[in-house]
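The block underneath contains the structure these notes are about, expressed in structure tokens.
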Amino acid sequence: MTAEFEHLVAEFERFRAGVRNADDRFAGLGTMQQQLAGLRASASSADGGVTVVTGPGGAVLDVEFTEAALAKGPRALSATLLATLREAVGEAARRQAVIVEENMGDDLGLVDQVLETQAVAFGTTVEELRAKLPEERAPEDFSEQRVLRPADPPAAPPAAGPSAGDRFLRNLFDEED
């Protein structure tokens, strides 16, 4: 085999390895989608009179009232419902961010961004919200994985003059019909 052919074979093998790495990394997307589809978060008011269940994207799936909550009157019920909705939707957003980060890595700091935004919106602290997160798992280390990048920089083509392929192409296009 010529050095040029060996170089092309090596490049092709590096490309195939990159495709395999991409396949492996993104194989977990189906699992992540299942986790997100099954996401449920619930919150109850301090007095237990209102319970809200939310799903992915904060979609409201269920609202329950006790007789005592209904007896408080429309204004009190409305205020309690809104506060409980806000808590349930916030919980769903935090859980969703954790699921995405666990499956795709922490490149964007998604959970931190959600916590910071919610802390401002809800008038609380990041630490209070972080305490509500499910127990953290050790983050997966993706630093050594490559996605469609060669493991080593490509080798330089042979330096000795034009290759046989170059000469063939030049002859092909230089000939006049």
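Give the stretch 81-92 a look and list any residue that's of a type in the set (Gly, Ala, Ser) and either open to solvent by less than 40 Å² (accessible area, probe 1.4 Å) or more than 26 Å from Thr66 (Cα to Cα) (or both), or say none. The answer is Ala88, Gly90, Ala92.
Of all residues in the stretch 23-67, those satisfying the criterion of being more than 22 Å from Leu133 (Cα to Cα), outside any loop (DSSP other than H, G, I, E, B) and open to solvent by 70 Å² or more (accessible area, probe 1.4 Å) are Asp23, Asp24, Phe26, Glu64, Phe65, Glu67.
Per-residue answers, yes or no, for (1) at pLDDT 95 or above; (2) closer than 30 Å to Arg16 by Cβ:
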position	(1), (2)
Gly38	no, no
Val53	yes, no
Asp62	yes, no
Leu85	yes, no
Arg95	no, no
Ala119	no, no
Thr124	no, no
Pro139	no, yes
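How many residues does the stretch 54-100 hold that are of a type in the set (S, T, N, Q) and closer than 25 Å to Leu29 by Cα? Count: 2.
Listed here are the residues, each with its yes/no results for (1) without any contact (Cβ under 8 Å) to a residue 60 or more places away in the chain; (2) surrounded by 14 or more Cβ atoms within 10 Å (Cβ to Cβ); (3) under 20 Å from Ser44 (Cα atoms); (4) touching a helix residue (DSSP H, G or I) at 6+ places or on another chain (Cβ under 7 Å).
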position	(1), (2), (3), (4)
Leu77	yes, yes, yes, yes
Leu108	yes, no, no, no
Val111	yes, yes, no, yes
Ala121	yes, no, yes, no
Leu129	yes, yes, yes, yes
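The values are calculated or read from the model by the stated rules, or taken from the named source; none is laboratory data. Given the structure is predicted, the values throughout are model-derived calculations rather than measurements. Because the Cβ atoms are built from the backbone with ideal geometry, glycine has one as well, and the counts that use them run over all protein chains shown. Ligands, DNA and RNA are stripped out before the accessible areas are found, and what is left, the full protein with its side chains, is counted by its heavy atoms. Shrake-Rupley method; radii C 1.70, N 1.55, O 1.52, S 1.80 Å.
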